[in-house]
Amino acid sequence: RRSSDLPDPVRSPGSGSMAGKAHQLSGEEREQLLPTLRAVGWNELDGRDAIFKEFHFKDFNRAFGFMARVALQAEKLDHHPEWFNVYNKVHITLSTHECGGLSERDINLASFIEQVAATMS
């Protein structure tokens with residue numbers, strides 16, 4: 001699956017950014033948005049309303065470069081991933097603490113992460 005097949009960032013009506021209170025995804029929103037992310041390897045976590053993916057890169061330099069690019073976007077969005085890195089592996093968990101589960105912010109960040117990963121492999 002190409003990163004261009006991922007959903008466009010979801011925006012709340014009338015907003016130009018991700019500012020505003022996050023809301024937990026409804027069942028209908030999950031059915032619409034999660035299958036595309038599942039198709040590229042994101043999985044829902046058992047016991048927690050979050051999504052997870054493990055990325056593998058050629059070496060530490062590429063893994064760290066990937067993390068730096070994601071970090072810059074996360075800072076702009078004020079939505080930060082939980083992550084863990086060892087050498088060429090990066091584990092990422094996304095959940096929105098503000099609403100206690102998955103939100104549009106997580107879908108948007110996961111889509112951005114996929115785009116970055118596609119350029120780093």
Can you find even one residue in the stretch 98-119 that is over 23 Å from residue 39 (Cβ atoms) and of a type in the set (S, T, N, Q)?
-> no
Which of the residues that make up the stretch 64-121 are in contact with a strand residue (DSSP E or B) (Cβ under 7 Å, 6 or more places away or on another chain), open to solvent by 20 Å² or more (accessible area, probe 1.4 Å) and aromatic (Phe, Trp, Tyr)?
-> 83, 84
If you go through the stretch 74-86 one residue at a time, do you hit one that is basic (Lys, Arg) and outside any helix (DSSP H, G or I)?
-> no
Check whether at least one residue in the stretch 51-59 is surrounded by fewer than 18 Cβ atoms within 10 Å (Cβ to Cβ) and assigned to a helix (DSSP H, G or I), and report yes or no.
-> no
Complete set of residues in the stretch 94-121 that are under 13 Å from the mean Cα position of the chain (by Cα), part of a helix (DSSP H, G or I) and of a type in the set (A, V, I, L, M) = 107, 109, 110, 113, 116, 117
Report whether or not residue 91 is part of a strand (DSSP E or B) and at negative phi.
-> yes
Determine whether residue 40 is under 12 Å from the mean Cα position of the chain (by Cα), closer than 24 Å to residue 21 by Cα and among the β-branched types (Val, Ile, Thr).
-> no
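The values are calculated or read from the model by the stated rules, or taken from the named source; none is laboratory data. Note that this is a predicted model, so its numbers are computed, not measured. Using ideal geometry, Cβ is built from the backbone for each residue, glycine included, and neighbour counts are taken over all protein chains shown. We work out accessible area using only protein heavy atoms, side chains counted, and drop any ligands, DNA or RNA first. Shrake-Rupley method; radii C 1.70, N 1.55, O 1.52, S 1.80 Å.
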